[in-house]
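This report concerns only the one structure given below.
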Amino acid sequence: MSLIVQKFGGSSVRDAQRLRNVAGIIAETYLEGNDVIVVLSAQGDTTDDLIAKAQEINPRASKREMDMLLSTGEQISVALCAMALESMGLPCVSLTAWQVGIQSTAVHSDARIKKIDSERIRAELDQHRIVIVTGFQGVDRGGDVTTLGRGGSDTSAVALAAAFRADLCQIYTDVDGVYTTDPRIVPNARKLEEITYDEMLELASQGAQVLHNRSVELAKKFRVNLEVLSSLERKPGTKVKEVTNVEKTNIAGVAKDTSIARIALIGLEHNPGVAFQVFDLLGKHNINVDVIIQSIGREESKDITFTLHRKDLEEAEEVLNAHKAALRFDHIETDAGIGKVSIVGAGLVSNCGVAARMFEALYEAGINIQMINTSEIRVSVLLDEEDVNRAVKAVHDKFFDEA
Ligand code: ADP
Ligand code: ASP
Ligand code: MG
């Protein structure tokens, strides 16, 4: 007998018919004699719809109340799924994060799971019940509901798999695995049989929404046996694991991110401590930055340009302007229309020609690069948001169709 965690995303539980389909997959796994913990997302576009409702009432609602609202979507899914399983005569129980004891940090809308209490779920499994848990949510030390960031149900699933030492964590979604790029943008993208944790982590962090990046981080840390597969077609998906057997002759994939903004602080003083002050201030407001470029301007002044998530742009601008006197910059320039395209591959580190090939593809497509950023296994370019899909196609073609 094995313990299997199965997570189903929003499109997989969209309506009654899809929920019955999901209940069928769960039932099959349970009736084979396995213990099953199920994690569900909100149905279809529920989370977006809830955000729209909040916007109608108060566009600047507090993050605490947003979490209170958004966490309801997952509660609907788990109750409905339990009802579907009940109707099949299967023993089950639905639980919220509060009932399970999924303890998280208090950073509303972007909380991290700290610890999962095991008693309740263990007791339910001992009673041979299928346990259905709300994804995406946690509870902070003060007892408040938190959410884990968009797409965070994947992380709930992997965290539960790690906490209960599950034999397998299956992420069921609307594609049948991880592809070399988003198959909705590039129809000839190829499905990967397997991918390493490191490559998947980079792809997810650079915008491949098929897995929440923190879920991959946790899977790597706790060696969770992870698989991405379709809830609609019964076929093998993509295995995410430590090392893959295939010899690395190409990149693993291309990712895009269109939720980026850029801020430039113009005319800062060229003194020690300036960068520290700027990024310490942003860090204290839980604003993460990504690519940073510092350049020396005229008359010993300097400019610092950085990218951040678009949702944080307004707050960052406010915070920086509020400290204008202390930071002593001349003015701020912002651009909310930035996109990022990245290539990822374990073989990149030993092959500098790969970056050149990416730039060649962009040159041939007539696309201008604004900033470049690299890691050991990744090259990213920042460009106009409008160019992103064209850039993904051009780069993907270069690596996968001209090979
Ligand atoms: P779920 O609701 O099941 O969590 P998501 O919408 O979060 O599903 O993630 C699945 C989507 O991720 C796919 O429909 C696909 O458009 C997108 N995607 C982006 N990059 C990739 C990739 N490299 N491989 C597969 N899917 C990808
Ligand atoms: N429902 C949440 C979202 O739409 C979490 C998830 O689906 O993973 O982001
Ligand atoms: Mg998702």
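The values are calculated or read from the model by the stated rules, or taken from the named source; none is laboratory data. Because the structure is predicted, anything quoted here is derived from the model rather than measured. Cβ sites come from the backbone with ideal geometry, for glycine too, and all protein chains shown count toward neighbours. We work out accessible area using only protein heavy atoms, side chains counted, and drop any ligands, DNA or RNA first. Shrake-Rupley method; radii C 1.70, N 1.55, O 1.52, S 1.80 Å.
The HN-Hα couplings worked out from phi for the stretch 77-87 by the Karplus form 6.51 cos²θ - 1.76 cosθ + 1.60 (θ = phi - 60°) are 4, 5, 5, 5, 5, 4, 5, 5, 5, 4, 5 Hz, whole numbers, x standing for Gly and Pro.
Charge dipole of the stretch 265-340 (Cα centre as origin; +1 on each Lys and Arg Cβ, -1 on each Asp and Glu Cβ, all else neutral): 160 debye, rounded to the nearest 20. Restriction of the GluC sites (Glu not before Pro) in the stretch 313-403 to DSSP coil positions whose beta-carbon has at most 14 other beta-carbons within 10 angstrom yields GLU376, GLU402.
Rounded to the nearest 20, the Cβ-based charge dipole of the stretch 1-159 about its Cα centre (Lys and Arg +1, Asp and Glu -1) stands at 300 debye. Shape of the stretch 277-403 from its Cα gyration tensor (a ≥ b ≥ c, root eigenvalues): rounded if a/c is under 1.5, otherwise prolate when a/b > b/c, or oblate? Prolate shape, in that a/c is at least 1.5 and a/b is the bigger ratio.
Simple rule: put +1 on each Lys or Arg Cβ and -1 on each Asp or Glu Cβ in the stretch 1-128, find the dipole, and look at ALA54, ALA123, VAL107; the Cα lying farthest toward the positive end is VAL107. Scalar couplings 3J(HN,Hα) for the stretch 221-232, obtained by applying the Karplus form with A = 6.51, B = -1.76, C = 1.60 to θ = phi - 60°, are 4, 9, 6, 6, 6, 10, 9, 10, 8, 8, 8, 9 Hz; x denotes Gly and Pro. How big is the Rg/Rh ratio for the stretch 3-44, C-alpha atoms only, Rh by Kirkwood, two decimals? Value, to two decimals: 0.99. To the nearest 10, the accessible area of ASP335 is 50 Å² with a 1.4 Å probe.
With the helix formula -39500 (n - 2.57) applied to DSSP H stretches of n ≥ 4, the chain reaches a computed 222 nm mean residue ellipticity of -11000 deg cm²/dmol. For the chain, the Kirkwood estimate of hydrodynamic radius, built from reciprocal distances between every pair of different alpha carbons, is 22.6 Å. Going through the stretch 200-243, which GluC sites (Glu not before Pro) have at most 14 other Cβ atoms within 10 Å and a DSSP loop state? Those satisfying the criteria are GLU233, GLU242.
The stretch 1-81: D in µm²/s via Stokes-Einstein (Kirkwood Rh, Cα pairs, 10 °C, 1.306 mPa s)? For the chosen part, D equals 114 µm²/s. When the Gaussian network model of the chain links Cα atoms closer than 10 Å, the mean-square fluctuations of ASN213, ASN321, ASN21 top out at ASN321. Short to long, the 5 Å bins of the Cα pair-distance histogram for the stretch 85-210 hold 2, 10, 16, 19, 17, 14, 12, 7, 2, 0 percent of all pairs. Would you kindly give the portion of the calculated P(r) for the stretch 336-403 that falls above 16 Å, as a percent of all Cα pairs? Across the stretch 336-403, Cα pairs with separations above 16 Å total 41 percent. Restricting the stretch 50-136 to trypsin sites (Lys or Arg not before Pro) that sit in a DSSP loop and have at most 11 other Cβ atoms within 10 Å of their own Cβ leaves ARG60.
Note on the chain: with charges restricted to the Cβ of Lys and Arg (+1) and Asp and Glu (-1), its dipole about the Cα centre is near 760 debye. Share of carbon and sulfur in the accessible area of the stretch 127-244 stands at 46%, probe radius 1.4 Å. Too long at a 22 Å Cα-Cα cut-off: which of LYS256/LYS311; LYS302/LYS340; LYS7/LYS220; LYS7/LYS191? Check vs 22 Å cut-off fails for LYS302/LYS340.
In terms of accessible area, using a 1.4 Å probe and ignoring ligands and nucleic acids, THR29, THR72 rank largest first as THR72, THR29.
At full extension, ASN389 and ILE51 could sit 119.1 nm farther apart than now, given 0.36 nm per residue minus the alpha carbon distance. Solvent-accessible surface of the stretch 183-274, taken per residue with a 1.4 Å probe and all protein chains present: 48 Å².
In the context of the full set of protein chains, residues of the stretch 12-118 present 49 Å² of accessible surface per residue (probe radius 1.4 Å, heavy atoms only). Take the Kirkwood radius over Cα pairs of the stretch 193-257, plug it into Stokes-Einstein at 37 °C and 0.692 mPa s, and you get 267 µm²/s for translational diffusion. Note on the stretch 233-324: Rg/Rh from Cα positions, Kirkwood definition for Rh, rounded to two decimals, is 1.20.
Rolling a 1.4 Å probe over the protein heavy atoms leaves ASP384 with an accessible area of roughly 60 Å².
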